Amino acid sequence: MDESKRGLFYSTRSRLIVSFLSISLLVGLISLIVGIKLLYKTVLNEATTRITLDLNAAREIYHSNINTIHNVLLTASLDGELQLLIETKQIDKIAQKLENISDQIGLDFAGIALNSEKPLFHIGKLSTDENDNKLQNPIITSVFKNGSSVSGTVIFTKEFLMAENPELVERARIEIISTPMAAPRMEKVETSGMTIASGIPLYNNGEIEGVLYGGILLNKNNAIVDRVRETVFQEETYKGKSIGTATIFFKDLRISTNVINSEGERAIGTRVSKEVRDRVLIEGKRWTDRAFVVNDWYITAYEPIIDIFGERVGALYVGVLEEKYIDLRRNIISVFIFITITGIIVAIGLGYLMANKITQPVRQLIRVSNEVSNGNLEPEFGPILKSETGVLQKTFAEMLSSLRERDNLQRAESERKLILSEKQSSIGRLAAGVAHEINNPLTGVLTFTHLLLRRKDISNEVRSDLETIAHQTDRVRKIVKGLLDFSRQTKLDSEPTDINRLVESTITLVKNEALIKGINLEFKPTEGIPVHIVDRNQLQSVILNIIINAFDATKPGGKVIVTTGMGISTNKAELKSIEIVISDNGCGIPTDNLDKLFDPFFTTKETGNGTGLGLAVSFGIIERHGGNIRVQSEVGKGSTFTICLPMEHFDEKTKNTRRR
Amino acid sequence: MKRRKILVVDDDRTVLDSCKRVLEAEGFKVVLASSVKKAIDILEAEYFDLMILDVKMPKHDGMYLLEKIKEKWPLDRWPELPVVVMSGYPTNDTISESLVRGAADFLSKPFTPDELITSTNIILQRSKNHGKQ
């Protein structure tokens, strides 16, 4: 019992704790997952945004290089001296001038082409050889075709490079390194070169006479990408690696880069993945995402490079080492997880404490109720709380106090009953013995008195005395008989009885006596009292006894009222009972006497008028019926005796009878 | 007419004397026995028309005597000897038990001479009629 209670209780407490725990865990996990996702996205977005800006910067640098070439060549073309030299075809001096210019900005090639279809001059190679100069490079053709200056990215095939400067052929040559994930490519070597170049028309009398052009070969020329790294990423390194990288692609081939391969060299000759190639070179769109570049993961941005003819000939790339962001993200997430888990632990701890705090008074109550069930009706309650639990505690305490009260009442009642029944049984035993012993001498007294009375030779005076002896002996006989009746536990001879009719017939028996005494005897029956199983004769003698007592207590002109009705049993609260109430407006019973009323031999009547056994016998009879007799009395106002007979078989049937 | 003989058995002298006085005054021959043992001795020697027997006596009580008579004289004396049982403590049980054991009547002590005489006469009359049959 104890154990199971405790088990039950502990399961409530642990349920509370588990609830706290799971709520904390749930909230923690959700915030963890959401937080990690948000952080992940934020960091990536931040990196992506940055790389997009970086790509813009790289493009600006790329274009500023082109612009520089353009501006320098434009300035030179406006030089009157150069025009004069061209007119006069002073090739040496032209060469001198062009070399100065190209030294200024590091041009790989430069030259002047005249309208007569062949270049007049190339730097690097003093050649006016017809064989070499039949070819007009794309810049020249473009300027003549457009009739205006042209600047931008230009692809020079091997032949054009050869025409400009044989050294360039060697510089442009790049062996293609096979790269996983790249699109398949047949050739093993790239011989064309990607350049940034500019062509400025030379006018003579408003007509384009020739073209001044120059450019930089980008193949294996890392000046631009290194400048991008310097200016955009400020040479930042992470774990020994440059954070930022930049690359110029010719088609999908790295021709200029600061991405380092596993040997620690610039990864020139490696290629971009097919995925990026398709998107940037074929679809012509930007690519911004993480990508595996040579050795490491980078957050990258690519955009196509368009040549002067509007063709997508290559791509510009910038990338930041993803590792840095991953580490950053990992750190942030670690901190976040740490904070969340700490929060969860704190929440669980608090939950545990709260569960304990909530259940503590309940535990107290359980302990108290255990004590109560073990018989201690005055257990230690501990402090009464102000919460609902406090209300429970108070209610429990009140319940206990009423329980104590009832307990005391019951104890007093049962003690009283025990004393009464002991008194009665000992008196019974005494009575039986006394009766037996007294009856033998009484037989003698009766016999000899009667024998004497038969004699004719006695005076009237003696006869009268003898008659008194006989009469008083008869009284003794009656007292002894009453004693015996009282002492005998006569079995009940019960049968279904209409209580109203029984009371009615009893009243008939004493009507004459009431009339003689001048007492108004009334019967007020309540209709519908169910048939009840009683011993008719014994119950009648009880009613008779009480009515006659009432007569004795009432003066002429007084009233004795007998009523019947239904009540609630005082023995068993759940049972209905039949009540026969006999009340008078006689002299009443003093409080002192009320307690002794049912004691054998207690009487207030004058000697010779009562044995003092009537009420004791009556009480015994009603008690054997499972009922009791209650008395209410006030001196001078009268008494009310209530005979209470509980209905043991109070079933549906009798209920219905009552309603009818 | 031959005097009827009555045996009275009681441990109380007063009761014995009372019965003797009343019954002799009515013309009966009365023999007294103060115990069950004495009563058995007397019954072995003499023949009686009626026995008046107290229930409660020390040592052997009236019920014992009723039982004994049945054993000793199963046919010849019994049931021709009618018995009136008397008791100072007449419960329903005592009355019914004595009647079951063959008692003809029951007297509650204390009784008046008239009650004793009436009972005696009625029983003797009944047994006389019985004897004639």
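Work out how much length A:Thr497 to A:Leu353 would gain on full extension: take 0.36 nm times their residue separation and subtract the Cα-Cα distance, in nm to one decimal.
45.0 nm
If you take the charge dipole of the protein assembly as shown about its Cα centre, with +1 on Lys and Arg Cβ and -1 on Asp and Glu Cβ, which of A:Leu78, A:Val272, A:Ser402 is farthest toward its positive end?
A:Ser402
By the scheme Lys and Arg +1, Asp and Glu -1, what is the net charge of all other residues having a beta-carbon under 13 Å from that of B:Lys20? Can you show the working numbers first?
Numbers: positive: B:Lys5, B:Arg13, B:Arg21, B:Lys29; negative: B:Asp10, B:Asp12, B:Asp17, B:Glu24, B:Glu26.
With Lys, Arg at +1 and Asp, Glu at -1, the net is -1.
Would you be so kind as to identify which of A:Thr179, A:Ala95, B:Thr120 lies farthest towards the positive end of the dipole of the protein assembly as shown, taking Lys and Arg as +1 and Asp and Glu as -1 on Cβ and the Cα centre as origin?
B:Thr120
Compute the length gained on full extension between A:Ser387 and A:Glu513: take 0.36 nm times their separation in residues and subtract their Cα-Cα distance, giving the result in nm to one decimal.
Between A:Ser387 and A:Glu513, full extension yields 38.4 nm more.
Inside 10 Å of the C-beta atoms of A:428-440, what's the mean count of C-beta atoms belonging to other chains?
3
Which pairs break 30 Å Cα to Cα here: A:Lys555/A:Lys576; A:Lys97/A:Lys145; A:Lys394/A:Lys417?
A:Lys555/A:Lys576; A:Lys394/A:Lys417
Would you mind giving the mean number of other chain beta-carbons within 10 Å of the Cβ of each residue in A:467-480, as a whole number?
1
Setting aside same-chain residues fewer than 8 positions from A:Lys285, which lysines have a Cα under 18 Å from its Cα?
A:Lys251, A:Lys274
How long are the semi-axes of the equivalent ellipsoid of the protein assembly as shown, taking √(5λ) for every eigenvalue λ of the Cα gyration tensor, in whole Å from largest down? Could you put the intermediate results ahead of the total?
Numbers: eigenvalues 4625, 166, 90 Å².
Equivalent ellipsoid of the protein assembly as shown: 152, 29, 21 Å, largest first.
Can you give me the relative contact order of the stretch B:5-132 as a percent, contacts being Cα pairs under 8 Å and 6 or more apart?
Answer for the stretch B:5-132 is 22 percent.
May I ask for the net charge around A:Thr443, where only other residues with Cβ less than 12 Å from the Cβ of A:Thr443 are counted and Lys, Arg are +1 while Asp, Glu are -1?
Residues near A:Thr443 contribute -2 overall.
Going Cα to Cα from A:Lys241, which lysines come in below 20 Å? Please leave out same-chain ones fewer than 8 positions away.
A:Lys324
Taking R0 as 35 Å, what's the FRET efficiency between B:Ser35 and B:Lys2 from their Cβ-Cβ distance, rounded to 0.05? Before the final figure, lay out each step's value.
Values: r = 28 Å, r/R0 = 0.80.
According to the calculation, E is roughly 0.80.
What's the exposure ranking of A:Cys644, A:Cys587, going from fewest to most Cβ atoms within 10 Å?
Placing the least packed residue first, the sequence is A:Cys587, A:Cys644.
What does a probe at A:Glu504 reach in the stretch A:524-539, counting residues whose amide N is under 18 Å from the point 7 Å along Cα→Cβ?
A:524-534, A:536-537
Work out, step by step, the length gained on full extension between A:Glu265 and A:Lys559: first 0.36 nm times the residue separation, then minus their alpha carbon distance; give nm to one decimal.
Full extension from A:Glu265 to A:Lys559 adds 92.4 nm.
Say the dipole of chain A comes from +1 at the beta carbon of Lys and Arg and -1 at that of Asp and Glu; which of A:Leu53, A:Leu483, A:Asn205 then lies farthest toward its positive end?
A:Leu483
For the stretch B:5-132: lysine pairs with Cα atoms under 16 Å, gap of 8 or more or different chains, count?
Lysine pairs meeting both conditions in the stretch B:5-132 amount to 17.
Suppose each label sits 7 Å from its Cα in the direction of the beta carbon; what would the A:Tyr40-A:Thr191 distance come out to in nanometres?
If labels sit at A:Tyr40 and A:Thr191, their model points lie 5.0 nm apart.
Tell me the GluC sites (Glu not before Pro) within the stretch A:514-574 that lie in a loop according to DSSP and have at most 10 other beta-carbon atoms within 10 Å. Could the numbers behind the result be given before it?
On the way: sites: A:Glu522, A:Glu527, A:Glu574; in loops: A:Glu527, A:Glu574.
Passing sites in the stretch A:514-574 are A:Glu527, A:Glu574.
Aspartates and glutamates within cross-link reach of A:Lys637: Cα-Cα under 12 Å, excluding same-chain residues under 8 positions apart?
Answer for A:Lys637, where 12 Å is the Cα cut-off: A:Asp584, listed by chain and number.
List B:Arg101, A:Arg411, A:Arg329 from most exposed to least, where exposure is judged by having the fewest other Cβ atoms within 10 Å.
Going from sparsest to densest Cβ surroundings: A:Arg411, B:Arg101, A:Arg329.
For A:Tyr213, A:Tyr302, B:Tyr47, A:Tyr352, what ranking results if the residue with the fewest other Cβ atoms within 10 Å of its Cβ goes first?
Placing the least packed residue first, the sequence is B:Tyr47, A:Tyr352, A:Tyr302, A:Tyr213.
Using the Cα centre of the stretch A:383-489 as the reference point, and only Cβ charges (+1 on K/R, -1 on D/E), how large is the resulting charge dipole? Debye, rounded to the nearest 20. If you can, show how the numbers build up before the last one.
Numbers: 18 positive and 14 negative charges, 37 e Å.
Charge dipole of the stretch A:383-489: 180 debye, to the nearest 20.
Just how large is the dipole of the protein assembly as shown about the Cα centre, in debye to the nearest 20, putting +1 at every Lys and Arg Cβ and -1 at every Asp and Glu Cβ?
Values: 101 positive and 102 negative charges, 913 e Å.
Magnitude of the dipole: close to 4380 debye.
Would you mind giving the mean number of other chain beta-carbons within 10 Å of the Cβ of each residue in B:106-118, as a whole number?
5
The numbers here are math on the coordinates, done by the rules we state, and not lab data. Being a predicted model, the structure only gives us computed values, none of them experimental. Note that each Cβ is placed from the backbone with ideal geometry, even for glycine, and that neighbours are counted across all protein chains shown.
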